[in-house]
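Chemist: Input: one structure, supplied below.
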Amino acid sequence: MDEHELIFVTGGARSGKSAWAERLATERGAPVLYLATAQAHDKEMAARIASHRRQRPDGWKTVEAPRALAETLVPHLPNGAVVLLDCLTLLASNIVTAEPPPDEPAAERALTAELEALERVCAHANATLIVVSNELGQGLVPMAPISRRYRDIVGRANQRLARRAAAAWLVVSGYALNLKALGVPVG
């Protein structure tokens, strides 16, 4: 496989998508940088973050960045590494809920710019980039306008990444499905 490939992993909450992405990262046999986008705004989230930190292999380096992923990653990124971004949906949430809150086009441009900058940095370092994202479009239409904007922004980002990715995976109930092998591109 190409050393600086993009791999996309999506699925619902607690589907096993992070575990699958971690397995894919481990299988590469290269140093892994775990790019975490979560922020501890409350005690429950702080406990989740701490639990995730404990579960990662000892040899993995964690870089925490709610925004400015590429700039934060550069000083930590060895050539040929694997970068595991977990997750795009929290990055999008960090953008959508910024103060002052951006409108939908501005939020989408900001998310796209973050992802493109990250892809450029990884390509320059011959790093494999694995992006984890939630599949948000399978539930009810959200009632609040901000929730609908968020779902739409993430959905379009997911589609763009899946199209560009060398491999795109959908994880459901602990099983990974290869979308590129099973699916037909819509657009």
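Chemist: Using the Cα centre as the reference, give the magnitude of the dipole from point charges on the C-beta atoms of segment 105-187 (Lys, Arg: +1; Asp, Glu: -1; all else neutral), rounded to the nearest 20 debye.
Modeler: 160
Chemist: Let me ask something else about it. How do 82-94, 63-75 rank on mean C-beta neighbours within 10 Å, highest first?
Modeler: Per-residue mean Cβ counts within 10 Å order the peptides as 82-94, 63-75.
Chemist: Let me ask something else. Please go through segment 12-50 and write out the trypsin sites (Lys or Arg not before Pro) that DSSP classes as loop and that have at most 12 other C-beta atoms within 10 Å.
Modeler: Loop-located and lightly packed - Arg14.
Chemist: Still on this structure, please answer the following. Over what distance in Å are the Cα centres of segment 48-64 and segment 118-162 separated?
Modeler: For segment 48-64 versus segment 118-162, the Cα centre distance is 22 Å.
Chemist: Which value in deg cm²/dmol, rounded to the nearest 500, describes the helix-derived mean residue ellipticity at 222 nm for the chain, given -39,500 (n - 2.57) per DSSP H run of n ≥ 4 and division by the residue count?
Modeler: My calculation for the chain gives -13500 deg cm²/dmol from helical runs alone.
Chemist: Also: Taking Cα pairs under 8 Å and at least six residues apart, what relative contact order does the chain come out at, in percent?
Modeler: So the answer I get is 36 percent.
Chemist: With every protein chain kept in place and ligands, DNA and RNA left out, what is the accessible area per residue of segment 1-93? Probe 1.4 Å, answer in Å².
Modeler: 51
Chemist: With the dipole of the chain worked out from charges on the C-beta (+1 for Lys and Arg, -1 for Asp and Glu) around the Cα centre, which of Ser173, Leu115, Ile153 lies farthest toward the positive end?
Modeler: Checked the options; the winner is Ser173.
Chemist: In addition: Quick one, what does Rg over Rh come out to for segment 110-187 if you take C-alpha atoms and the Kirkwood Rh?
Modeler: 0.99
Chemist: Between Arg48 and Arg120, how many nm apart are label points set 7 Å from Cα along the C-beta direction?
Modeler: 3.2
Chemist: Got a number for carbon plus sulfur as a percent of segment 63-144's accessible area, 1.4 Å probe?
Modeler: Carbon and sulfur together cover 58 percent of it.
Chemist: How many nm separate the modelled label positions at Glu27 and Ala113, each set 7 Å beyond the Cα in the direction of the Cβ?
Modeler: That separation, rounded to one decimal, is 3.6 nm.
Chemist: Same structure, new question: Using 0.36 nm per residue, how much length does the chain from Trp60 to Ser173 gain when fully extended, once their Cα-Cα distance is taken away?
Modeler: 38.1 nm
Chemist: Quick one: putting +1 on the C-beta of Lys and Arg, -1 on the C-beta of Asp and Glu, what dipole do you get for segment 56-105 around its Cα centre, in Debye to the nearest 20?
Modeler: Computed charge dipole of segment 56-105: roughly 260 debye.
Chemist: In debye, nearest 20, what is the charge dipole magnitude of segment 26-155 about its Cα centre with +1 on Lys and Arg Cβ and -1 on Asp and Glu Cβ, if you could check?
Modeler: Charge dipole of segment 26-155: 340 debye, to the nearest 20.
The values are calculated or read from the model by the stated rules, or taken from the named source; none is laboratory data. Remember, predicted model here, so these are calculated numbers, not experimental data. Note: ideal-geometry Cβ built from the backbone for every residue, glycine included; neighbour counts use all protein chains shown. Note: areas computed on protein heavy atoms with side chains; ligands, DNA, RNA excluded. Shrake-Rupley method; radii C 1.70, N 1.55, O 1.52, S 1.80 Å.
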